[in-house]
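Report on the structure given below.
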Amino acid sequence: MTDTQFKDLDRFVSYAEKQFDLPLLAGCFADGRADPKVPSRAVGLSLLLGEVIQSPGLSQLEEETKLPQWQRWVGYHDRISHDTLGYAANRMSPEQLRRAGRFISRKLKRGKAFEASKMHGLLAVSLDANEQFCSDHRSCADCLTREVTCKDAQGNEFKKTQYYHKQVYAQLSGPRLSVILEVEPMRPGEEECGAALRLLRRMRQTYGPRFFDLVVVDSWYTNGPFLQAVVEELGWPVVAVLKQERYEIYQEALALTPGEPTHVVERGEEPNRRRVEIWEVPALRLSDTYTDPVRVVRVRERWTEQTQQGKKWKTVEREQTWIWVVAGELDAYNGAAIRDFGHLRWKIENNAFGELTQHWHLTHCAHHKPVAVLALLWIKIIAFTLFHAFAIVHGKLFRLGKVTLQELRKRVYRSLLCGWPIRCLSG
Ligand SMILES: [Zn+2]
């Protein structure tokens, strides 16, 4: 291990300070505690760094805050108890944190960090809903509820109430950098589409109409009122999955696309190359609540995969069919382009959402209180974006394939433990 390896934390902090004005950003951690002993900035920076080094909960984070190096960086020379961390988080302003998240995304866009994420010259935002966590016993004022049927030890069925939190995310995916632009919690009694529209309306106001060019969604959103609102009220075209069970239009689309495909393209690199057959129907009626004609693109993809059977490897043929609905102005983009927009959501390797779930404890809640749930989620998203920008846009090691993102996070932690003297955050 060389000396320079101990400097990863220092590099990360310098990058965040210089590129994103971290001292100014730290203002977003202000909370409403009366006469706090521990400054909110020290709490917020601890929570932020805790996310980067993958601290699994507030008690473990309390342990980290005993490190002198940690204390020097956050500017508070004592341990911070898990009670204080949770209490302060529940008094932070999710709105302020959201503004900080937006500030970072805007800076990244100005710095051309999303250029590589453009597909056929357009920047597509995809929506995903995610259940963050659920509990049988503990609830808060913002919990969603559902009845579930369970069996007791004797096998008798009984019903119980389950409490959970679920959010809709707006994600910008790219071959390198993927970020979460917005998140919106679902409210009791609300459908995903309601939260998604609230999120998009806010983005129209805050990010403006031209920050991205189109919206990509799964079949849950393929309904008249949602498309009407996004296309006509907000002005973004939508590419949406059409599922068999939802519409007559699915059968109609199949019936109208017999025989040879309109065109055929190839996608992906060997050995994962796919033959993509495309049929297009220019104008179909979706439903009574969305009467403008929509374009329908049917895609059949074929590829081969190697699977192991016993000691032998076998080549198996795979096939998948997708039907996409295109609402709004995307006439200049052919069926192959529509297929590419639609597939942005399925690429695991460039999915911020998947990465957050797998490596950033997304489906875990450190402090189950209404404001803390959202405030901590925003801190996670901010930490995630800052770290990924540092590693992917700025850092050479990851770009050169010398370390993985998770290794780099470990190195940041190691450099903290090894006590390389990181500067105290200015401001
Ligand atoms: Zn709750």
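A few remarks follow.
- Check on Ala327, surrounded by fewer than 21 Cβ atoms within 10 Å (Cβ to Cβ), more than 22 Å from the chain's Cα centre (by Cα) and not assigned by TED's automatic domain parsing to the domain that holds Gly50: no
- Being away from the ligand (no atom under 16 Å from the Cβ), in contact (Cβ under 8 Å) with a residue 60 or more places away in the chain and assigned to a strand (DSSP E or B) is a description that applies to Leu127.
- Selection over segment 140-173 of residues that are more than 16 Å from the ligand (Cβ to nearest atom), surrounded by fewer than 21 Cβ atoms within 10 Å (Cβ to Cβ) and not in a strand (DSSP E or B) gives a count of 5.
- Search result, residues across segment 107-123 that are touching a residue at least 40 places away in the same chain (Cβ under 8 Å) and not in a loop (DSSP other than H, G, I, E, B): Lys107, Leu108, Lys109, Ala116, Ser117, Met119, Leu122
- Neighbours by Cβ (under 6 Å, 6+ apart or cross-chain): first from segment 77-90, free of Cβ contacts under 8 Å to residues at least 24 places away in the same chain; second of a type in the set (Val, Ile, Thr) and assigned to a loop (DSSP other than H, G, I, E, B): Arg79/Thr65
- Sole residue being in contact (Cβ under 8 Å) with a residue 40 or more places away in the chain, assigned by TED's automatic domain parsing to the domain that holds Val215 and surrounded by 11 or more Cβ atoms within 10 Å (Cβ to Cβ), chosen from Val276, Val264, Val281: Val276
- Checked against the criteria, Leu181 does not count as part of a helix (DSSP H, G or I) and within 16 Å of Ala352 (Cβ to Cβ).
- Residue match in segment 349-372 (condition: assigned to a helix (DSSP H, G or I), in the same structural domain as Glu301 (by TED's automatic domain parsing), more than 16 Å from the ligand (Cβ to nearest atom) and surrounded by 23 or more Cβ atoms within 10 Å (Cβ to Cβ)): yes
For every residue, the table says whether it meets (1) among the aliphatic types (A, V, I, L, M); (2) in contact with a helix residue (DSSP H, G or I) (Cβ under 6 Å, 6 or more places away or on another chain); (3) closer than 30 Å to Gly32 by Cβ.
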{"site": "Leu97", "(1), (2), (3)": "yes, yes, yes"}
{"site": "Arg106", "(1), (2), (3)": "no, no, yes"}
{"site": "His120", "(1), (2), (3)": "no, yes, no"}
{"site": "Cys143", "(1), (2), (3)": "no, no, yes"}
{"site": "Lys151", "(1), (2), (3)": "no, no, no"}
{"site": "Tyr164", "(1), (2), (3)": "no, no, yes"}
{"site": "Gln171", "(1), (2), (3)": "no, yes, no"}
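- Qualifying residue in segment 21-32 (condition: more than 28 Å from Arg204 (Cα to Cα) and part of a loop (DSSP other than H, G, I, E, B)): yes
- Candidates Pro68, Pro94 - the one that is surrounded by fewer than 22 Cβ atoms within 10 Å (Cβ to Cβ) and either farther than 20 Å from Arg11 by Cα or not assigned by TED's automatic domain parsing to the domain that holds Asp8 (or both): Pro94
- In this structure, Lys112 qualifies as loosely packed, with under 13 Cβ neighbours inside 10 Å and within 20 Å of the chain's Cα centre (by Cα).
- Here the helices (runs of 4 or more DSSP H) wholly within segment 186-268 that include at least 1 residues being out of contact with any Leu (no Cβ under 9 Å at 6 or more places or on another chain) are 192-206, 248-255.
The values are calculated or read from the model by the stated rules, or taken from the named source; none is laboratory data. Computed from a predicted model, the values in this text were never measured in an experiment. Don't worry about glycine lacking a Cβ; one is built from the backbone with ideal geometry, like all the others, and counts go over all protein chains shown.
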